[in-house]
Each structure stands twice: as structure tokens, then as C-alpha cells.
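Undergrad: Mind looking over this structure? Questions follow.
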Amino acid sequence: MFTTFRGGQSGAWQVVSQAAVKGAGLLRAPALSVVQSPSIALPILPSQTSWRLAGVASHVRYTERAEKEKLVAAQAGLGRPEATCAALIPIKKSAAWWDLTQEERRGIFEDKSQHIAASLKYLPAIARQLYHCRDLGEPFDFLTWFEYDPANAALFDELVATLRATEEWTYVEREVDVRLEQEPLGAG
């Protein structure tokens, strides 16, 4: 199952901010739609104000059994009615990262950067899903998607700052931060 994120003129999520953290950004778009389908969803008509990123939710990597069990026990699902804030953060890592062995990447990811251990304290307030896209010919390696209640916006900022301060993030060569909001269910 592919998940396609389309920035454009319409979508369930309204873009609040969009910034290139490292490397090239994305075209400015006022809205974002998220589509899940058995194939990569293409835009009906290409536009000067749109973009499309696609990925696949896959098995977790660089994670040991005990870590996976802690994550599963603590994490919340996506689509909670109170989670009207979201962030899409596409990330591309450098060739130096991909030249490392799986064990070397694991060592940097968790042993040195504490990616999982540091992130656990933000669950279940922040729901997250990682989509892999490196092998799909996409411009990013990962699409990270987060959802949270507006009351947890500062907590989300803290999480992102914590992860960006790690050794792992020295291997990021392109990152874009797209913050989003949607109307609460029943509002209007």
C-alpha cells in the first residue's frame, strides 16, 4: 500500500508553515492531501503550485525486539479526532550514510543518537508513521508523518529539536518541514 502526500490547492490539511531545513525546499502549497492506494497516486493535472511525494509503510528497521515492543505499547494510532495538527518532514540522507553497513547505521541511529529511546517519552502524545521511499525513485529517502493535539505543539517542537541535535542528523542532506492543521471533526 502506497501513501501519497500531495501539496496543492486543496486537501484535508491546511499548510501553516513550510520551510527548507537543509537543502532544497518544496514548492509552496496551501493545502495537503494524503491518499492511500495500491499504486502511487499521480496528480490529475500537473501544476506550478503542487508536488507529490510517495512512500510505503514498511517493517521497522534498526530496532531490536525490546525496543519494538516498547514502541508498540506506547504509540497512538493516526487519525485521532483531537490530533488536528500534523507535520510532514521528508528527509534525504547522504551517500556517506548509505555507504555504512546496517550495523554501523544502527550504531549511529540508536547507540549514539538514542533515536528510539529519546522518542519514547513523546508517545502517545505524538503519533507517527515512517514511510520509506528511497527505493521508489523518489527525491527523499523517508517521509516522516506526525499527528498531535494542538496542546502538544511545543512537545512536538522539542522532539524535532532533540532528533536534529543527534549525530544521526549530521547525515541528513535534505530536509523539509511542513506543518499542518485541520478543522476538528464536528467543527464548522
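The values are calculated or read from the model by the stated rules, or taken from the named source; none is laboratory data. As the structure is a computational prediction, the values presented were derived from the model and not from experiment. Reconstructed Cβ throughout: ideal geometry from the backbone, glycine too, with neighbour counts over all protein chains shown. For the accessible areas, the whole protein counts, side chains as well, though only heavy atoms, and no ligand, DNA or RNA atoms are used. Shrake-Rupley method; radii C 1.70, N 1.55, O 1.52, S 1.80 Å.
Undergrad: Among 130, 159, 155, 163, which is open to solvent by 50 Å² or more (accessible area, probe 1.4 Å), assigned to a helix (DSSP H, G or I) and more than 21 Å from residue 27 (Cα to Cα)?
TA: Step by step, each of 130, 159, 155, 163 is checked, and only 155 is open to solvent by 50 Å² or more (accessible area, probe 1.4 Å), assigned to a helix (DSSP H, G or I) and more than 21 Å from residue 27 (Cα to Cα).
Undergrad: Scanning region 76-88 for residues that are in contact with a helix residue (DSSP H, G or I) (Cβ under 9 Å, 6 or more places away or on another chain) and surrounded by 21 or more Cβ atoms within 10 Å (Cβ to Cβ), which turns out farthest from residue 151 (Cα to Cα)?
TA: Once the filter is applied, the top-ranked residue is 87.
Undergrad: Now, a different point. Which residues, counting only those in region 100-123, are at pLDDT 95 or above and either under 18 Å from the mean Cα position of the chain (by Cα) or closer than 17 Å to residue 142 by Cβ (or both)?
TA: Passing the criteria: only 100.
Undergrad: List the number of the failed condition for residue 149; all other conditions in (1) within 25 Å of residue 70 (Cβ to Cβ); (2) surrounded by fewer than 16 Cβ atoms within 10 Å (Cβ to Cβ) hold.
TA: (2)
Undergrad: Further question: State yes or no: is residue 93 touching a helix residue (DSSP H, G or I) at 6+ places or on another chain (Cβ under 6 Å) and surrounded by 20 or more Cβ atoms within 10 Å (Cβ to Cβ)?
TA: Details: touching a helix residue (DSSP H, G or I) at 6+ places or on another chain (Cβ under 6 Å): yes; surrounded by 20 or more Cβ atoms within 10 Å (Cβ to Cβ): yes.
Yes.
Undergrad: List every residue pair whose Cβ atoms sit under 7 Å apart, with the two residues 6 or more apart in sequence or on different chains, where the first one lies in region 79-92 and is over 28 Å from residue 22 (Cβ atoms) and the second, anywhere, is buried (at least 21 other Cβ atoms within 10 Å of the Cβ).
TA: Taking only residues 6 or more apart or on different chains, the pairs are 80/147.
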